[in-house]
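> Okay, here's the structure, questions in a sec.
Since every read-out is calculated from the coordinates, none of them should be taken as a lab result. Owing to the predicted nature of the structure, the values given are computational and were not obtained by experimental measurement. Positions of Cβ are generated from backbone atoms using ideal geometry, with glycine treated the same way; all protein chains shown enter the neighbour counts.
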Amino acid sequence: MARDKVVLAYSGGLDTSVAVKWIDETYGLDVIAYTCDLGQGQDIEAIRQKALRTGAVEAIAEDARNLFVDFFAFPSLMAGALYEGKYPLATALGRPLIAQLMTRAARDRGAVAVAHGCTGKGNDQVRFDVTFQTLAPDLKIIAPVREWKWTRTQELEFAAKHGIEVEATKKSIFSTDQNLWGRSIEAGILEDPWVEPPPETFQWTVDPRLAPNEPEIVEITFDRGRPVALDGKDLDGVELIAELNARAGRHGVGRIDHIENRLVGIKSREIYEAPAAVVLHEAHREIEFLTLSKNALRFKSYVSQEYSDLIYNGLWFSALHQDLMAFVVSNQQYVSGTARIKLFKGSATIVGRKSEHSLYRHELATYEEGDTYDSTAAQGFIKIHGLAQSTQAKHQLLKGTSARPLELPSIIPPSASESTPHRDGKK
């Protein structure tokens, strides 16, 4: 009799390799391993073959880099999404796509469940589970690592007992995740926020102190908020990000050290490497300064925060996201142009920008010949602009010889001995 199937998000690491056999024994389900390439720099075919050797009845490996860039990374860039103003959300952006593709695989193969290797302490469990609940609420969700609560030693013992391939018997000093948009590093010595990250923390960026002594200039062209060319050469998103990761990383650009507020209520110390994302956000923001009105920029900042929270909190497939993206697409229709950035010793500095839709007008800004600004209108404007303030000052703030002191209510409740009487006179 054929057994029911489960689609497991499979990375090839210890947790998900052990999970293949554990799910088989614990739930009696045939495991279909699912792996997709988001630009993490791994051989996904080798991972697929390992899944089969580990006991999966089927293993799927897909290249999803273009999907990831075009429908997740670049929309987040257009929205200006930086969680808590720092994190470009690389891992957070990858999870809903993986979960969506797993759901599709589960439907195609008649699976009754989906599974992932997330712990019960992080954000990723939320991103996976919420996406599964949204797109396929009928599928059972299995989270082996969250359920078994083993130590790493117990996992290794289970792997040895069942002949499961383990690349290393020692725990890595860090926990890492990466895709094209960025690399996340945590745990180990990094859990002490006072300690400077050791050199081995970083793989994509050189120590800024050891970066080239000559700066490098890059020019990034945007069309309606999306990057389309690097140094005048048209590139698709995957190529552009990969090239910019390499070039900015050589100059030590893209290191982020962040005390982060996790969704589950924990503060954690996170290290990120995101050379391309950091440079693209800087360049994109500069084209916005050039092409968006003051009020549009200010309102966009509110949307950016809401959008980044939404991604971080695993709510990608929400109606609110659709609403916010509708605003972003409209907001970005004139955000086209080119930004020139200097890469040098860990910094990405804007040194030039231009756009055919620029709201910066030389004829209005200049103090030289060609000035078309009507200075005669300034005096009347200033009088009207300050009218409310001067009226209040005249009739309230400056009236009489002394101002009446403000009586502010206390926000501290009185102690028991000073508490106010009840209406019957008793305390």
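> On C-alpha positions alone, give me the angle between the axis of helix 152-161 and the longest principal axis of the chain, in degrees, nearest 10.
Around 30 degrees separate the two axes.
> Given the pairs Lys233/Lys294; Lys50/Lys161; Lys233/Lys345; Lys86/Lys233; Lys267/Lys345, which are separated by over 27 angstrom at their Cα positions?
Beyond 27 Å between Cα atoms: Lys233/Lys294; Lys86/Lys233; Lys267/Lys345.
> Oh, and also: Would you mind classifying region 5-171 by shape? Square roots of the alpha carbon gyration tensor eigenvalues, ordered a ≥ b ≥ c; an a/c under 1.5 is rounded, otherwise it is prolate if a/b is larger than b/c and oblate if not.
Judged from the Cα gyration tensor, region 5-171 comes out prolate (a/c at least 1.5, a/b above b/c).
> Separation of region 313-334 and region 339-399 by C-alpha centroid, Å?
30 Å
> Using the Karplus curve 6.51 cos²θ - 1.76 cosθ + 1.60 with θ = phi - 60°, what ³J(HN,Hα) values do you get for each residue of region 353-367, in whole Hz, with x for Gly and Pro?
7, 8, 7, 5, 9, 4, 8, 7, 10, 4, 5, 8, 8, 6, 9
> Calculate, in nm to one decimal, what His357 and Ala393 gain on full extension: separation in residues at 0.36 nm each, minus their alpha carbon distance. Could you put the intermediate results ahead of the total?
Details: separation 36, 0.36 × 36 = 12.96 nm, distance 4.20 nm.
So the chain would gain 8.8 nm between His357 and Ala393.
> Could you work out, for the chain, what percent of all Cα-Cα pairs fall into each 20 Å distance bin, beginning at 0 Å and stopping at the bin that holds the largest distance?
In order of increasing distance, the bins hold 21, 44, 24, 10, 1 percent.
> Put +1 on the Cβ of each Lys and Arg and -1 on the Cβ of each Asp and Glu in the chain; which of Ala242, Pro212, Phe202 then has its Cα farthest toward the positive end of the dipole?
So the residue we want is Phe202.
> With contacts defined as alpha carbon pairs under 8 Å and 6 or more residues apart, what's the relative contact order of the chain in percent?
Relative contact order comes out at 16 percent.
> So, counting K/R as plus one and D/E as minus one, what does the shell of residues with Cβ under 13 Å around Ser358 add up to?
On the way: positive: Arg353, Lys354, Arg361; negative: Glu286, Glu288, Glu356, Glu363.
Here the count lands on -1.
> Can you give the FRET efficiency to the nearest 0.05 for Asp108 and Leu297, using r as the Cβ-Cβ distance and R₀ = 51 Å?
Efficiency, from the Cβ-Cβ distance: 0.70.
> Could the peptides 92-100, 48-56, 262-270, 3-11 be put in order, highest first, of the mean number of other beta-carbon atoms found within 10 Å of their residues?
Descending mean neighbour count gives 92-100, 3-11, 48-56, 262-270.
> In debye, nearest 20, what is the charge dipole magnitude of the chain about its Cα centre with +1 on Lys and Arg Cβ and -1 on Asp and Glu Cβ, if you could check?
1420 debye
> Moving on to the next point. Just order 146-153, 322-329, 84-91 by mean Cβ neighbour count inside 10 Å, highest at the front, would you?
Working: 146-153: 12.5, 322-329: 14.2, 84-91: 19.9.
Result, highest mean first: 84-91, 322-329, 146-153.
> If you don't mind, another one. Using a Gaussian network for the chain with springs between C-alpha atoms less than 10 Å apart, which of these wobbles most: Asn213, Asn313, Asn123?
Looking only at Asn213, Asn313, Asn123, the biggest GNM fluctuation is shown by Asn213.
> For Tyr373 and Asp207 in the same chain, what is the full-extension length gain: residue separation times 0.36 nm, less their Cα-Cα distance, in nm?
Extra length from Tyr373 to Asp207 when fully extended: 55.0 nm.
> Here is a further query. Please report the net charge: other residues with Cβ closer than 10 Å to the Cβ of Ser336, K and R +1, D and E -1.
Value of the local net charge: 0.
> For a paramagnetic label modelled at 7 Å from the Cα of Ser347 toward its Cβ, which residues of region 246-279 fall within the zone defined by backbone nitrogen distances under 16 Å?
251-255, 279
> By average Cβ neighbour count within 10 Å, what is the ranking of 340-352, 124-136 from highest down?
124-136, 340-352
> I'd like the FRET efficiency for His258 and Phe381, computed as 1/(1 + (r/R0)^6) with the beta carbon distance as r and R0 of 51 Å, rounded to 0.05.
That gives a FRET efficiency of 0.75.
> If you don't mind, there's one more thing I want to ask. By how many degrees, 0 to 90 and rounded to 10, does the Cα axis of helix 294-312 deviate from the longest principal axis of the chain?
So the inclination is approximately 20 degrees.
> Quick one: dipole size for region 1-85, taken about the Cα centre, charges +1 on Lys/Arg Cβ and -1 on Asp/Glu Cβ, in debye to the nearest 20. Kindly include the intermediate steps, with their values, before the conclusion.
On the way: 7 positive and 13 negative charges, 36 e Å.
That gives region 1-85 a dipole magnitude of about 180 debye.
> List the residues, sorted by chain then number, that are 5 or more residues from Gly12 or on another chain and whose placed amide H is less than 5 Å from its amide H.
Correct list: Ser17.
> Add +1 for every Lys or Arg and -1 for every Asp or Glu among the other residues with Cβ under 15 Å from the Cβ of Gly55, and state the total. Don't skip to the answer; put the middle values down first.
Numbers: positive: Arg3, Lys5, Lys21, Arg48, Lys50, Arg53, Lys161; negative: Asp15, Asp24, Glu25, Asp30, Glu58, Glu165.
In short, +1.
> With the cut-off at 1.5 for a/c, could you classify region 207-301 from its C-alpha gyration tensor as rounded, prolate or oblate?
oblate
> A follow-up question, please. Rounded to the nearest 0.05, what FRET efficiency is calculated for Arg250 and Ile412 with R0 set to 60 Å and r the Cβ-Cβ distance?
0.60
> Once the piece of chain linking Gln133 and Glu200 is laid out straight, how much longer is it, given 0.36 nm per residue of separation minus the C-alpha distance between them?
In short, 20.3 nm is gained.
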